[in-house]
Structures are given as structure tokens and as C-alpha cells.
Amino acid sequence: MTSEIVVDPAPHPAWLPDGALAAAGRRRVAVATPEPAEPQRGGVAPPGSDSSPQVVATLRAELERATAAHGGAVVDPDGSPDLLLALVHEVSGPGARLPARGPDTSGGDGFRIVRDGGRVTVTAETPTALLHGWFHVVRHGETAFTGPDVDERHAPAFALRVLDHWDNVDVHPVMGQVERGYSGGSIFYADGRVRDDLSRVTTYARLLAATGVDRVCINNVNVHAREARLLTDDLPEVARVAAAMRPYGVRTHLAVSFAAPMTLGGLPTSDPLDDDVRAWWRAAADRVWATIPDFGGFVVKADSEGQPGPFAYGRDHADGANLLAEAVAPHDGVVHWRAFVYDHTQDWRDRTTDRARAAYDHFAPLDGRFADNVVVQVKHGPIDFQTREAVSPVLAGMPATRLALELQVTQEYTGQQRHACYLAPWWSENLGFRPWGAGEDGAAVRDVVAGRGPSAPAAVADAGGGGIAAVSNVGDDRFWTGHPLAQANLYAFGRLAWDPTLEPAAILDEWVGLTFAGPDGGLEPRVREALHAVLDDSWRTYESYTAPLGVGFMVRPGHHYGPDVDGYEYTPWGTYHFADRDGIGVDRTRATGTGFTGQYPEPWRDVYEDLATCPDELLLFFHHVPYTHVLRSGVTVVQHVYDTHFAGVERVREAVAAWESLADLVPGALPADVDARVRERLAEQLRSAVEWRDQLNTYFFRKSGIPDAHGRTIF
């Protein structure tokens, strides 16, 4: 008998199949670079610097790959190429000013693109920027070479564009290898160590570079004992990961434990004001940058959900963050200090303690005290990545601090990559929210995190603010994200990180056109139409059959999948809905509730305070109201629950039908493996949506005693 060796299939190409390269690959292309300067810092220059030969080599390899697949040719720059990618000392032309260069940026990331008579020239000052210019051409396909002449300047809105992985080196007994991961194991670790083969990590970096993401934190913010050693014993292995991502200009970050001086260094304390502690962190940072010269910095979760922090020593978060900032400053490093701090041992009987208030109460008084290389990383809402919640007031409450907006690409509370839920419309709303109102000069969240908020001091503005971060949804699953359609969220995060003004539907259109491109770059129109039908409004569909009107949670405790209306109602986590026989919702007003509305500037503090002006979609987030309260739609709260939950299930049925309408395109325009996985996930989404509908409707019917006005079945 012989045994057959089974080799895992190659990872799905996501939005970079060979077909996506067709337009450029059919043409004559060239790269022009000046003579490289001497490498810096021990022979490895930061990937965005002018002397980054690895990124230049990557760009050349990209062109070779495209032309080999599609019949074009790589030619000399003086050979009249159709596409010239040129590294220059200074980008000139209209609007050519480079982005601000902060202490933790590697120079300008922008590029200039000129189309003149069908010939396209991309110029940039750094190899990574030129690589971004290449992927811009790829993204636009044939239209990059056709149409009227253009002369455009493109640059990222945010200097820092980071993906945080909640990966554990070891398999955690509760959370598994990837905490809140729904796509298999880690792409970085296996069998308690960094993987021997990191080729998939390089492929991942390629996907990220194509969207504009240029930094990755490779381990969980909940730093367990094994993962803590990445900072010390396993640093050479971290260097291997950094080397795997470096060719695509992606820099490596680590999450570190605040208690590391004790657990790793043997000190009796981690007091941020202790001289020995400060010396330990300086030495640790020196070792990291000596090993990985283009290392990005540290991510810290402190005094939150059991993680150690400065509170143990009577210090505050500015003391803690500045300790690390001092250590990494000589290396132009950055510290991302998470603002996710609250009391997770709350007494559910206590109506005065409000989890929503916590981040502002802890951090706003410290505004102006954080070092210039500290970024306070703020979740988009004040609770925890819910399907609908108000924008965090911290984003308006710390004008003198570099703030980063934190999003969650992994779908912890939005269907866990078993449900199709395109999150870009929700993120776009958050980025476009104007904390000071919609006046002509009203700054939006996207301006605040770009360093352009009201009263931003020079240090914040010059550094370009704190940028944007998100929790990744990637694992070692064949499709990267478990659900193939969840790739759209990862792609959309990168595109919004580059340009937060992009329309979510347009981003989705880009993703569809790239991901489902045929060998010649073409796309079957019905595929585009069906995917828009499934995904365009999928976030609102998900919201409609889950927790209503901004109340949040109502999920199974622990794993957070599926309905459990009272699952967290009598727990210490502070995530309550306070439903009783008369009504539901959390009173967060200044007049009669927790006072949370007072953390917002005008006009929102009063808009949210007043029941007459509070937006309906956030009604139960800010107010406790009777079930008979009439919404602006003209229906009562309880009828809204019934109507939306019935309608949500029907919209999922429509999504299933839209996908099934493509059956005759399998396996031609639609790969059979993608089709099979999507069908499986849509079937589970429909089953789960029915369960949500029936449990939520039954719960509210039994609480209120008010029947459905349309006489539909409620149990």
C-alpha cells in the first residue's frame, strides 16, 4: 500500500488573482530607479526609505509576474514603455506636496500619476510609495490607460495604517489560537512557535500593500506568558516575520505586557516611574531595533480586562504610556496605547456605573500629557464594536493627543464571518461623523485622527495624528477570512485607511472587479450585480434581525454568536438593556441617567439628551422608553422590533436567492470552491437570522404583552 501525501491547497488569491493584473500585464512596462544610497541602521533601511532595495526588487517582480501571465514585456525605461514607474528624488507637478513626516513615518507615501496619450507614468520618492502607485494602476485596470489625460497626486490620509492581530503563539484554552478569530489558526504561528514557512505571510503583506495598509501588530493585545517572550527569547523569530513582510513595505509591531519587567526581567516592580523599570524598557527597545531596524513600535492594553497596568502603582495611563514612549523614541518608534479601559467587575444592580463613560473618564483628563510618539487608540464606539453604537466622545475630548480610530474587521459582534456583513458603510459613518456639528468648518472624526482636529497642537498636526487601526479577520483558512465575502471587509479597511472619503459601494465595486476577474481581466456583469445585492446593505440587514435601536449585545456570553437577550443582563460586564414590563433602554442622560451625554460637545450633548431629537437608531443606547414610544417612522418601539426582525430574515432570503442565481456560472466565472463556501455560510446566516427573529420577537412580546399589529407568528 502507498500513502498519498495531501498538500493543502494554495491560499485563495483574494483581490490579486492573475486576472487582476491583465491590463498592465498586456503592456510594455518599466521601472526606473536612481542609484541606491547606502543602507542605514545595520544594513536594513526602513521600507519606505529611498534605500530600500527589497521593495524595489518586489516591484520589479510584480511587473515580471504580470507580463509573464498576460504577454506584455518588461523593457528599459528609455524603451517607450506604456507604463513607467519611476523612483525620483522629488515628486513635482500639480499638488505635489508630500504628506507630513512625523517621527514614526518613513517619508512620503504619496505618488503622482500622469496619463498622456495613453502612456502612464507613476513617480514617487520612496519605493513603498511607488509600489502603492503600481497597485493603483492594477486597481483601475484598463481605465488606468484609457480616457482623457490626467495629472493626479495620491497620498494616504493617515500616516499610520495598522492591522492588529489577536494571534496567540500557543493555543489558548478558552480563546484558541486567534482570539475572536473566525478563519482558522494563525498565519504566523503553529505548534507553539513561529511557522517555519512564512511564505503565506509575504502573500498577506502583498494583499495589504495593494490596499495601502503598511503596519501589522503580529500578536494578541491580551499578552499571555508565552506571547510575552516574543519581546525577548523569540526576538529572532519575530525578525523572520518582519523579513517576510518587508518586501512589500509592511512594518512589524508587537503587543507587549506592561508587567514585562517583572515577568521577563525579574524586577520586583513595573512602576513606570521606577528607574530600573525605565532602564529595562530602554534596553528591551534597543535589542528590538538592533534586531529589526525597521520595527514599528509597541501596542499596549493595560489595566483592562485583567491586563496589568500603571494603576497598580498609583500611576495613570499617561505615566504608563510615556514610560514606553521614552524607550522607543531614540528609534523613531511609536506606542499605541489602547483606551479600552473600564470596570469589568461591575455590580449589575448599580445603575450609576456606566461602561460607556469609562474611556472618557479615564483618558480625557490626561489630554496633553502623552508624549509626542504615543497614540491613544480609541474604539469607534464607547462600548465594544457593537453593530450600532454612538461614536466615542473620546475622539472629540482629547485635542492635544494623537488619537487613532480603532475598528474591528473581525466580525465578533457582526456574524463572525458566518454572516455576510459588509462593514464599510458603518465605518464610513464613523469616519464622517462630525462631533462639533455639521457646520461649514465642522471637523469629522477622519480629520481628528489625521491630526486636523480643532485646536490640534503642532506636534499632533505635524505627526499626522494617530491614524487608524483595526483588528484583522485573517487566519490560515484557504479563503483567508473564513467566509470568502468577508474579504471585502479587509479590503475596505485598507482603502478607507488610505482615503476615508471613498464611497463604500465604490470600494465594494473595486473588490468585486479585482477578486472575480477572469483570466483576461474581465468580469461577468451578473457577478457584480449579485454581490452588490448580497453585500451593499448587509450591515443594516444584520442590524435589523439582531439587537434593535442601538441597545447592543443580546448575544451568547463568551463566544458572542447567536441570540441570548438576557445573556449579559445580570453579569459584571456592564452591558445591560434594562428591559422590564414597561420598556427598555439605558438612560444615559444628564437629567435622570448616568450623565454620559455630557461627555459630548455641542450640539450632540443636547441632541442625544433630548428624546425628541435623539436619532431613532440610537434611541435605546441613550434612553429608557416605553414599548409604546412612537418612532419617527410612525410605529412603536415594540412594533419596530417585530417589523425589522421579520424583514431582516426576508432580506437574508433575498441574498441567498441572489447568490443562487449565479449557479449556471459555476465553475466558469465563479470558482466552485468559492461558491460552495458561500452557499454554506449563507445557509447558516439564514438559520441564525430566523433564530434571532424568533427569540427577539418572542422576548419582547412576552415582556410587553403587545401583539404584532400584522398578526404574524410569534411564539
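The values are calculated or read from the model by the stated rules, or taken from the named source; none is laboratory data. Keep in mind that what you see is a predicted model, and the values were worked out from it rather than measured. All Cβ positions, even for glycine, are placed from backbone atoms using ideal geometry, and neighbour counts span all protein chains on display. The protein model used for the area step is the full one, side chains on, heavy atoms only, and it has no ligands, DNA or RNA in it. Shrake-Rupley method; radii C 1.70, N 1.55, O 1.52, S 1.80 Å.
Only residues that are touching a helix residue (DSSP H, G or I) at 6+ places or on another chain (Cβ under 7 Å) and in a helix (DSSP H, G or I) were counted across segment 593-610, and they come to 7. Taking segment 264-305 as the range and being among the β-branched types (Val, Ile, Thr), surrounded by 17 or more Cβ atoms within 10 Å (Cβ to Cβ) and more than 21 Å from the chain's Cα centre (by Cα) as the test, the residues that pass are 277, 288, 292.
Inside segment 457-477, residues that are of a type outside the set (Asp, Glu) and either in contact with a Pro (Cβ under 6 Å, 6 or more places away or on another chain) or not in a loop (DSSP other than H, G, I, E, B) (or both) make up a count of 8. Determine whether segment 292-310 contains at least one residue that is touching a residue at least 40 places away in the same chain (Cβ under 8 Å), aliphatic (A, V, I, L, M) and in contact with a Gly (Cβ under 9 Å, 6 or more places away or on another chain). Yes.
Against the numbered list (1) open to solvent by 20 Å² or more (accessible area, probe 1.4 Å); (2) farther than 22 Å from residue 447 by Cβ; (3) at pLDDT 95 or above; (4) within 25 Å of the chain's Cα centre (by Cα), residue 151 comes up short only at (4).
Within segment 158-175, can one find any residue that is open to solvent by 10 Å² or more (accessible area, probe 1.4 Å), among the hydrophobic types (A, V, I, L, M, F, W, C) and over 29 Å from residue 483 (Cα atoms)? For segment 158-175, residues open to solvent by 10 Å² or more (accessible area, probe 1.4 Å), among the hydrophobic types (A, V, I, L, M, F, W, C) and over 29 Å from residue 483 (Cα atoms): present. Where helices (runs of 4 or more DSSP H) sit wholly within segment 273-377, those with at least 1 residues that are closer than 21 Å to residue 227 by Cβ occupy 275-291, 317-328. Looking at residue 222 and the list (1) touching a strand residue (DSSP E or B) at 6+ places or on another chain (Cβ under 9 Å); (2) not basic (Lys, Arg); (3) not in a loop (DSSP other than H, G, I, E, B), which single condition is not satisfied? With respect to (1) touching a strand residue (DSSP E or B) at 6+ places or on another chain (Cβ under 9 Å); (2) not basic (Lys, Arg); (3) not in a loop (DSSP other than H, G, I, E, B), residue 222 is out only on (3). Restricting attention to segment 645-676, the residues being open to solvent by less than 40 Å² (accessible area, probe 1.4 Å), in a helix (DSSP H, G or I) and more than 30 Å from residue 549 (Cα to Cα) number 3. For segment 322-354, taking the residues that are β-branched (Val, Ile, Thr) and open to solvent by 10 Å² or more (accessible area, probe 1.4 Å), the one that is farthest from residue 572 (Cα to Cα) is identified as 352.
Would segment 641-661 turn up any residue that is closer than 30 Å to residue 435 by Cα and among the aliphatic types (A, V, I, L, M)?
Restricting attention to segment 641-661, the residues satisfying the condition of being closer than 30 Å to residue 435 by Cα are 641, 644.
Keeping just the survivors that are among the aliphatic types (A, V, I, L, M) gives 641.
So far as segment 641-661 goes, yes, one or more of its residues are closer than 30 Å to residue 435 by Cα and among the aliphatic types (A, V, I, L, M).
Quick check on this structure: which one of 237, 227 is touching a strand residue (DSSP E or B) at 6+ places or on another chain (Cβ under 7 Å), part of a helix (DSSP H, G or I) and either open to solvent by less than 10 Å² (accessible area, probe 1.4 Å) or polar (S, T, N, Q) (or both)? Walk me through it before giving the result.
Working: 237 fails: either open to solvent by less than 10 Å² (accessible area, probe 1.4 Å) or polar (S, T, N, Q) (or both).
Step by step, each of 237, 227 is checked, and only 227 is touching a strand residue (DSSP E or B) at 6+ places or on another chain (Cβ under 7 Å), part of a helix (DSSP H, G or I) and either open to solvent by less than 10 Å² (accessible area, probe 1.4 Å) or polar (S, T, N, Q) (or both).
Taking the conditions (1) surrounded by fewer than 24 Cβ atoms within 10 Å (Cβ to Cβ); (2) over 20 Å from residue 523 (Cβ atoms); (3) out of contact with any Asp or Glu (no Cβ under 9 Å at 6 or more places or on another chain); (4) in contact (Cβ under 8 Å) with a residue 24 or more places away in the chain in turn, residue 452 satisfies each one other than (4). Pairing each residue of segment 63-79 that is closer than 10 Å to residue 24 by Cα with any residue that is part of a helix (DSSP H, G or I) and open to solvent by 40 Å² or more (accessible area, probe 1.4 Å), provided the two are 6+ apart or on different chains, yields C-beta distances under 9 Å for 66/18; 70/18. Taking segment 497-528 as the range and being under 26 Å from the mean Cα position of the chain (by Cα), assigned to a helix (DSSP H, G or I) and charged (D, E, K, R) as the test, the residues that pass are 509, 510, 528. The single condition among (1) at pLDDT 95 or above; (2) under 27 Å from residue 478 (Cβ atoms) that residue 2 does not satisfy is (1). Of all residues assigned to segment 194-216, at least one qualifies as being open to solvent by less than 10 Å² (accessible area, probe 1.4 Å), within 27 Å of residue 484 (Cβ to Cβ), part of a helix (DSSP H, G or I) and without any contact (Cβ under 8 Å) to a residue 60 or more places away in the chain. Among the conditions (1) part of a loop (DSSP other than H, G, I, E, B); (2) touching a residue at least 24 places away in the same chain (Cβ under 8 Å); (3) under 29 Å from residue 399 (Cβ atoms), residue 590 misses just one, which is (2).
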